[in-house]
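Sharing a structure with you now.
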Amino acid sequence: MFDIMPEAIEVYLTPVAGGALTLRSIEQSALDQTITLRNQFNGTVTVSFTPFRSGWYDITVKLAGQLLAGSPVQQEMIAGSMNAEYMFVYKRLGDGSLQDINEAIDQAFALDRFEFEVQGMDRYRNRLIQ
């Protein structure tokens with residue numbers, strides 16, 4: 001049986017060019033370090049990785065320096081589950097800017113309606129949106 005050796009496979013994960021997602025070099029390095037390849041000894045290799053930022057990624061796979069058929073592929077990575085440690089509370093002002101909740105409370109008046117927003121975040125500080 002022919003086995004693919006994981007060391008012959010190269011996997012590159014990069015934000016889609018021109019997309020909203022950009023990674024600083026330290027973030028790209030951290031992402032690259034999460035890539036693991038596991039030989040299944042049945043002619044396949046399982047590739048896994050952990051993206052820290054939501055957005056669109058190009059996933060490029062090469063074997064011995066040659067692009068595999070269908071590579072690169074674009075995949076959207078969505079934010080993970082809610083994590084209260086990274087969520088925040090704020091007041092949205094009339095001009096659309098955000099005000100720290102503590103400042104907003106200090107400026108509130110008795111008997112005036114007070115509204116604030118809670119921003120859902122995952123453990124990688126991705127905003128959770130519907």
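The values are calculated or read from the model by the stated rules, or taken from the named source; none is laboratory data. Predicted, not measured: the structure shown is a model, and the values here were computed from it. Using ideal geometry, Cβ is built from the backbone for each residue, glycine included, and neighbour counts are taken over all protein chains shown. Accessible surface is based on the protein model in full, side chains and every heavy atom, while ligands, DNA and RNA are left aside. Shrake-Rupley method; radii C 1.70, N 1.55, O 1.52, S 1.80 Å.
For the chain, with all protein chains present and a 1.4 Å probe, just round the carbon and sulfur fraction of the accessible area to a whole percent.
Carbon and sulfur: 54 percent of the exposed surface of the chain.
Then there's this: For a protection proxy built on the mean count of beta-carbon atoms within 10 angstrom, sort 77-87, 60-70 highest first, please.
77-87, 60-70
For every other residue with a beta carbon closer than 9 angstrom to the beta carbon of residue 80, add +1 if it is Lys or Arg and -1 if Asp or Glu, then tell me the sum.
For residues surrounding residue 80, the net value is 0.
What number comes out for accessible area per residue over the range 1-127 if the probe is 1.4 Å? Units Å², please.
With the other protein chains kept in place, the range 1-127 gives 71 Å² per residue.
So for the chain, considering every pair of alpha-carbon atoms, how many percent are separated by more than 27 Å?
42 percent
Moving to a separate point now. Place a label point 7 angstrom from the Cα of residue 34 along the Cα-to-Cβ direction, then list the residues of the range 77-94 whose backbone nitrogen is under 12 Å away.
In the range 77-94, the label zone of residue 34 (backbone N under 12 Å from the point 7 Å along Cα→Cβ) covers 77-81.
Take the alpha-carbon centre of the range 92-106, take the same for the range 24-55, and report the distance between them in whole Å.
First find each Cα centre; the distance between them is then 40 Å.
Please report the net charge: other residues with Cβ closer than 13 Å to the Cβ of residue 53, K and R +1, D and E -1.
Overall, the nearby charge balance is +1.
Heavy atoms only, probe 1.4 angstrom, no DNA, RNA or ligands counted: give me 53, 24, 92, 113 ranked by accessible area, highest first.
So the residues, ranked largest to smallest area, are 113, 24, 92, 53.
Give, as a single signed number, the net charge of other residues whose beta carbon lies under 12 Å from the beta carbon of residue 27, with Lys and Arg counted +1 and Asp and Glu -1.
Net local charge, residue 27 excluded: +2.
I would also like to ask the following. Suppose the chain between residue 58 and residue 73 were pulled fully straight at 0.36 nm per residue; how much longer would it get relative to their current alpha carbon spacing?
4.8 nm is the gain from fully extending residue 58 to residue 73.
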